[in-house]
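*Asks:* I'd like to ask some things about the structure below.
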Amino acid sequence: MFWKKKPALPADEKNNNGGDDPQKMGMLQKLAMKKIMAMSPQEQEKLMRKVMTPENISKNKGQILAAMEQMKASGQMTDEQIGMAKKKLGL
């Protein structure tokens, strides 16, 4: 007909949110991704250090924890991975 059926995803890809897939991103996410990918690795690391400050982490603690719980519920992260992430972020 007019619509093409999407091919069935393998079992290991069904839980993937498509974090790097531009087709599944919003407009602002696509723009941000293009800008970050155009940066040199040194600039990317500098940006991540600036963004991941303890003040920003503590300010957005609720959102970070909610996202982790959602990822756990959808099977994207295990309890062990969440524990490691919380420890690394100091949550």
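No lab work stands behind these numbers, since they all come straight from the coordinates. All of these numbers come straight from a predicted model, not from anything done at the bench. Backbone-built Cβ (ideal geometry, glycine too); neighbour counts: all protein chains shown.
*Asks:* How far apart, in nanometres, would the label points at Lys86 and Leu28 be if each is projected 7 angstrom from Cα along the Cα-to-Cβ direction?
*Replies:* 2.9 nm
*Asks:* Another question about this same structure. Filter Lys50/Lys86; Lys46/Lys88; Lys35/Lys72; Lys46/Lys72 down to the pairs with a C-alpha to C-alpha distance above 21 Å, please.
*Replies:* Details: Lys50/Lys86 19 Å; Lys46/Lys88 18 Å; Lys35/Lys72 29 Å; Lys46/Lys72 29 Å.
Result: Lys35/Lys72; Lys46/Lys72 exceed 21 Å.
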